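Only one structure is covered here, and it is reproduced in the block below.
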Amino acid sequence: MITINIKETVLYLTKKYNTSSPFELANALKITVFYEELGTINGYYNNPFRMKQIHINSSLDMHKAEYTCAHELGHAIFHPEASTPFLRSQTFLSVDKMEIEANAFAINLLVSDEIIEENRDFTKSQLARFLGYSLDLIELRLKTFQPGYSKIP
């Protein structure tokens, strides 16, 4: 299952660099983060001339910017040569799998097993509201939550 590999990658990176901040991880991995006006786009990853870059919409609040950075970091790690905006607009290839993987990386990075365990009495909806993420992202995160700990209905 790909999400297990993603969780292992998150655990490896957070231990190696002693942080779960996507901004600090990007810096440690020599990925430059830019803030710029992107209209309706939250962000994107690209790799021009082998220089990894994450672009974040400067109008996002800090919570959304952090999630966007984590999501784009997922692309940088798992899809370093792919350009999902190009693939989406110029080809008939589906980018759904890549987007799910980037979402799984982001939510695993930002929501630890400890956070879930500390709030195990919450329903999925309550946990989503409490953490400020969509129910879909919380459900994606719960797929990699360590078995035996989950009491979330």
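Any read-out appearing in this document is the output of simple, stated calculations on the displayed coordinates, not a laboratory observation. Treat the numbers as computed from the prediction; the structure is a model and nothing was measured. Heads up, the Cβs are rebuilt from the backbone with ideal geometry, glycines too, and the neighbour counts pull from every protein chain shown.
Sort 96-104, 70-78 for me by packing, meaning the mean count of neighbouring Cβ atoms within 10 Å per residue, highest on top. Intermediate values should be presented prior to the final figure.
Numbers: 96-104: 17.8, 70-78: 23.9.
Top to bottom by mean Cβ count within 10 Å: 70-78, 96-104.
Straight-line cross-link reach from LYS143 at under 29 Å between alpha-carbon atoms covers these lysines, not counting any fewer than eight positions away in the same chain: LYS7, LYS15, LYS16, LYS64, LYS97, LYS124, LYS151. Scalar couplings 3J(HN,Hα) for the range 98-111, obtained by applying the Karplus form with A = 6.51, B = -1.76, C = 1.60 to θ = phi - 60°, are 5, 5, 5, 5, 5, 5, 5, 4, 4, 6, 5, 5, 8, 10 Hz; x denotes Gly and Pro.
Between ALA28 and LYS64, residue separation times 0.36 nm minus the direct Cα-Cα distance comes to 10.9 nm.
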